[in-house]
Amino acid sequence: MTVSRKWAGPILLAPPIFIVHFLEEAPTFVSWFNSHVARGITSEMFWRVNLTALVITLIVVAVEWFSQSSLSLVLVVAWLGCLMLANGIFHIVGAIVDGRYVPGLITAALLYLPYYFWLFMRGVKSGKVAPLVLILAAIIGAIPMCVHGYLIVFRGSRLF
């Protein structure tokens, strides 16, 4: 097994982890969201957004699996920085601010964040990309979800 295949194997866990997360959210996220944001969302929008994110995740995973390049590693770190790192932080901050359970909190805390940091460190240890580049990719990838989460939790608004 090559170093890159050792890196790439765990990426296959990203889609099932994402699916488990949005299944935890599905029953009550829309009502939670709409209690915070005047320009709310529908269940259809919730599913459309999540299915689109799943398709993007599958594409990113496939690109990394078949390419195993420096660029594909940066893509993985950036996309999952948005999908898992920033989203995980959003759920935790939302729960702290609300003082109650936020739909998706359990998988955000127990799956998203540990998986992202584990995968990130595997990427660093692969030696394919300088750690600073991966840190920047994670930050840049996380920005849209961080802004969106901030708007939801603190401003009663949304980015999209």
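The values are calculated or read from the model by the stated rules, or taken from the named source; none is laboratory data. Given the structure is predicted, the values throughout are model-derived calculations rather than measurements. Glycine also receives a Cβ, built like all others from the backbone with ideal geometry; neighbour counts cover every protein chain displayed. Accessible surface is based on the protein model in full, side chains and every heavy atom, while ligands, DNA and RNA are left aside. Shrake-Rupley method; radii C 1.70, N 1.55, O 1.52, S 1.80 Å.
For the residue pair VAL97 and VAL20, what label-to-label distance in nm results when each label sits 7 Å from Cα along the Cα-to-beta-carbon direction?
2.7 nm
Whole-Hz ³J(HN,Hα) for each residue in region 93-110, computed from phi via Karplus 6.51 cos²θ - 1.76 cosθ + 1.60 with θ = phi - 60°, x for glycine and proline: what do you get?
4, x, 5, 5, 5, 6, x, 7, 4, 10, x, x, 4, 5, 6, 4, 6, 8
How high is the FRET efficiency between MET45 and ILE140 when r is their beta carbon distance and R₀ equals 30 Å, given to the nearest 0.05?
Working from the Cβ atoms, E equals 0.70.
For every helix of n ≥ 4 consecutive DSSP H residues, a contribution of -39,500 (n - 2.57) applies; sum these over the chain, divide by its total residues, and give [θ] at 222 nm rounded to the nearest 500 deg cm²/dmol.
Per the formula, -21000 deg cm²/dmol.
If you roll a 1.4 Å probe over the heavy atoms of the protein chains, what accessible area per residue do you get for region 34-160, in Å²?
Averaged over the residues of region 34-160, the accessible area is 50 Å².
Please say if region 41-134 is rounded, prolate or oblate, where rounded means a/c under 1.5 for a ≥ b ≥ c the square roots of the C-alpha gyration tensor eigenvalues, and otherwise the choice is prolate for a/b larger than b/c and oblate otherwise?
Oblate, since a/c reaches 1.5 and b/c is not below a/b.
Using the Cα centre of the chain as origin and beta-carbon charges of +1 (Lys, Arg) and -1 (Asp, Glu), tell me which of HIS21, ILE11, VAL49 is placed farthest towards the positive end of the dipole.
Result: ILE11, furthest along the dipole toward the positive end.
Distance between the C-alpha centers of region 32-103 and region 131-160? Whole Å please.
Going from one Cα centre to the other spans 10 Å.
Could you work out how far apart the two model spin labels at SER67 and THR52 are, taking each label as a point 7 Å from the Cα in the direction of the beta carbon, and quote it in nm?
About 2.1 nm, to one decimal.
Can you give me the angle between helix 70-80 and the longest principal axis of the chain, using Cα atoms only, in degrees from 0 to 90, rounded to the nearest 10?
Approximately 20 degrees, to the nearest ten.
Once neighbouring chains are kept in place and the probe is 1.4 Å, which whole percent of the accessible area of the chain is contributed by carbon and sulfur?
Here it works out to 76 percent.
Return one number: the angle in degrees, 0 to 90 and rounded to the nearest 10, between the long axis of the Cα atoms of helix 14-25 and the longest principal axis of the Cα atoms of the chain.
10 degrees
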